[in-house]
Amino acid sequence: MAKSDVKVLGAWPSPFVMRPRIALNIKSVDYEFLQETFGSKSELLLKSNPVHKKIPVLIHGDKPVCESLIIVEYIDEVWSSAPSILPSNPYDRATARFWASYVDEKLFPSMKEIVSADGEEAKKAAIQVVVDGLVLLEDAYAKCSKGGKFFGGEQIGYLDIAFGSYVGWLRVTEKFNQVKLLDEAKTPGLVKWAEAFCAHPAVKDVMPETDKLAEFAKVLAKARAAPPPK
Amino acid sequence: MAEEVKLFGVWASPLSRRVEIALKMKGVKYEYIEEDLSNKSQLLLKYNPVHKKIPVLVHNGKPIAESLVIIEYIDETWKHNPILPQHPYDRALARFWAKFIDEKCLTVLWNSIWSKGKEREAAIEEASEHLKTLENELGDKKFFGGEEIGLVDIAAIFIGFWLGACQELSGLELLTEDKFPKLCKWIHEYVNHTAIKENLPPKDKLIEAMSARFGAASK
């Protein structure tokens with residue numbers, strides 16, 4: 001398929017944008033990565049995702065697909081030859097979707113709480129919430145991996161992509177708060193998993209370096225603190 | 001092995017009813033266990049330790065939680081009378097709109113009814129916008145799923161039934177025929193659909209229960 005037939009609209013720092021890119025890499029599908037300029041939304045984005053006006057958007061031919069995990073499922077269904085991204089068994093698929101939903105609806109908001117927490121006590125409490133969530137995921141990892149390196153077993157899969165896309169931001173949070181979130185003592189499985197995930201060929205060129213992401217986080221914080229443009 | 005399907009739910013919960021509709025569409029026999037949310041059963045806590053919420057489907061001893069995850073599981077396990085479309089692009093669209101309803105519509109609709117003052121005004125405005133979006137998406141189709149109900153119709157159960165009950169209770173006129181003729185026509189088809197009408201709680205009991213639980217809503 002010609003490269004221009006598949007486009008991903010996004011931005012390099014976004015964990016959500018990483019997801020379709022990793023999925024396309026797993027399937028060895030060439031795509032054009034169209035980066036949005038920070039602080040503005042392109043005509044193409046507004047036209048392709050009029051409801052949410054958010055990245056990522058996958059444009060396949062002329063059809064836009066929105067919402068990162070929905071895009072990942074779409075990629076798995078369209079390019080249906082191996083390697084598969086979703087597990088083959090319906091129960092394992094439900095388990096993967098359950099934890100992906102948990103990561104988006106509980107874990108990520110709890111990570112954001114650390115940033116907005118005011119004062120030492122509040123920060124400590126917010127950090128504890130994230131750690132507690134990661135301990136649940138450690139348990140899920142033990143069950144889902146079935147002895148393999150990844151949540152998907154021997155191969156990376158849907159839940160690896162969903163959760164793994166946050167590893168960069170987890171590391172930035174660890175750096176800024178001088179704390180270990182993925183910790184040898186409490187989450188030894190996840191520590192190994194995170195390394196294996198980031199080193200995976202489908203991931204390594206798409207996962208930003210922690211330092212680069214940390215710099216971006218500072219830019220983002222400044223932009224949010226600044227008064228809105230007139 | 002005999003198939004064993006159990007559903008832990010709450011009679012007044014739209015999320016619990018979503019799963020029942022899906023099971024009814026597939027003709028799957030199941031045991032229904034009514035939970036008391038003020039006194040959750042040991043089984044519920046065992047089957048959904050992460051969220052401790054209903055609905056939970058237990059299939060041959062294996063629990064699945066989160067209503068939309070459960071519905072996809074049901075669709076993949078019992079393949080006749082499909083709930084999701086066949087084509088990947090249509091499936092992506094169905095999932096998109098189901099997610100839109102869950103993430104954008106439900107909280108804001110709830111706040112339109114139950115919150116007060118400026119918060120309520122803002123919720124009503126946002127809810128109107130989202131209902132307009134759904135009105136456009138529905139267009140002239142009989143159901144969001146086309147000729148037959150699908151994932152999005154099941155996901156929209158709050159709009160299909162609960163919202164009407166809440167509007168009666170509170171006097172809120174958000175989803176009206178003059179503003180949303182297509183959605184109102186859809187509601188009429190929806191509540192009369194065979195897989196749905198037997199799965200809805202009695203309206204008067206629902207209104208009574210909501211009044212008792214959430215107090216008087218501002219008129």
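Every read-out reported here was derived from the displayed coordinates using simple, explicitly stated rules and does not represent laboratory data. Everything quoted here is computed from the prediction, not taken from an experiment. Cβ sites come from the backbone with ideal geometry, for glycine too, and all protein chains shown count toward neighbours.
From the alpha carbon gyration tensor of segment B:1-112, can you work out the equivalent ellipsoid semi-axes (sqrt of 5 times each eigenvalue) and give them in Å, largest to smallest?
On the way: eigenvalues 106, 84, 25 Å².
Working through the eigenvalues yields semi-axes of 23, 21, 11 Å.
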First select every other residue whose beta carbon is under 9 angstrom from the beta carbon of residue B:51; then total the charges, Lys and Arg +1, Asp and Glu -1.
+2
Once the Cα gyration tensor of segment A:97-210 is diagonalised, semi-axes √(5λ) in Å
23, 15, 13
Let me test this: with uniform point scatterers at the alpha carbons of the protein assembly as shown, what is the Debye-based log₁₀ I(q)/I(0) at q = 0.07, 0.11 1/Å?
-0.37, -0.99
Point-charge dipole on Cβ atoms (K/R +1, D/E -1) for segment A:30-107, about Cα centre, debye to 20:
280 debye
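At a Förster distance of 30 Å, what's the computed FRET efficiency of residue B:133 paired with residue B:32, Cβ-Cβ distance as r, to 0.05? Before the final figure, lay out the partial values.
Details: r = 34 Å, r/R0 = 1.13.
Between residue B:133 and residue B:32 the formula returns 0.35.
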For chain A, what relative contact order do you get, as a whole percent, if you take Cα pairs closer than 8 Å and at least 6 residues apart?
19 percent
Where the only charges are on Cβ atoms (+1 Lys, Arg; -1 Asp, Glu), what is the dipole of segment B:127-190 about its Cα centre, to the nearest 20 debye?
40 debye
How high is the FRET efficiency from residue B:203 to residue A:91, r the C-beta distance, R0 30 Å, rounded to 0.05?
0.25
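Where in segment A:25-99 are there trypsin sites (Lys or Arg not before Pro) that are in a DSSP coil and have at most 16 other Cβ atoms within 10 angstrom of their Cβ?
On the way: sites: A:27, A:41, A:47, A:53, A:54, A:93, A:97; in loops: A:27, A:41, A:53, A:54.
Qualifying residues, ordered by number: A:41, A:53.
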Quote the Stokes-Einstein diffusion coefficient, in whole µm² s⁻¹, for segment A:1-105, based on the Kirkwood radius over alpha carbon pairs, a temperature of 37 °C and a viscosity of 0.692 mPa s.
229 µm²/s
Backbone N within segment B:137-163 under 17 Å of label point (7 Å from residue B:103 Cα along the Cβ vector)
B:152, B:155-156
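Assuming a viscosity of 0.890 mPa s and a temperature of 25 °C, what translational diffusion coefficient in µm² per second does Stokes-Einstein assign to segment B:91-219, Rh being the Kirkwood radius over Cα pairs?
On the way: Rh = 15.0 Å.
Answer, rounded: 163 µm²/s.
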Among B:78, B:97, B:162, determine the one that fluctuates most according to a GNM of chain B built with springs between C-alpha atoms less than 10 Å apart.
B:78
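With +1 on the Cβ of every Lys and Arg and -1 on the Cβ of every Asp and Glu, and nothing else charged, how large is the dipole of the protein assembly as shown about its Cα centre, in debye rounded to the nearest 20?
On the way: 60 positive and 63 negative charges, 106 e Å.
Roughly 500 debye, rounded to the nearest 20.
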Those residues of segment B:126-162 whose amide nitrogen sits under 11 Å from the label point placed on residue B:182, 7 Å along Cα→Cβ:
B:132-144
Report Rg/Rh for segment B:77-144, rounded to two decimals, where Rg is the Cα radius of gyration and Rh the Kirkwood radius.
1.11
Chain B, Cα convex hull volume normalised per residue, Å³
128 Å³
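Please give the direction-averaged projected area of the C-alpha convex hull for chain A, in square nanometres with one decimal.
Working: hull surface 53.1 nm².
Mean orientational projected area (chain A, Cα hull): 13.3 nm².
Could you grab the relative contact order for chain B? Cα pairs under 8 Å, six or more apart, rounded to a whole percent.
Working: 262 pairs, mean separation 43.5, N = 219.
Dividing the mean separation by the residue count of chain B yields 20 percent.
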Toward the positive end of the charge dipole of segment B:1-158, about the Cα centre and with charges on Cβ (Lys, Arg +1; Asp, Glu -1), which of B:127, B:13, B:109 goes farthest?
B:13
What are the extents of the Cα atoms of segment A:164-204 along their three principal axes, listed from largest to smallest and rounded to whole Å?
29, 20, 11
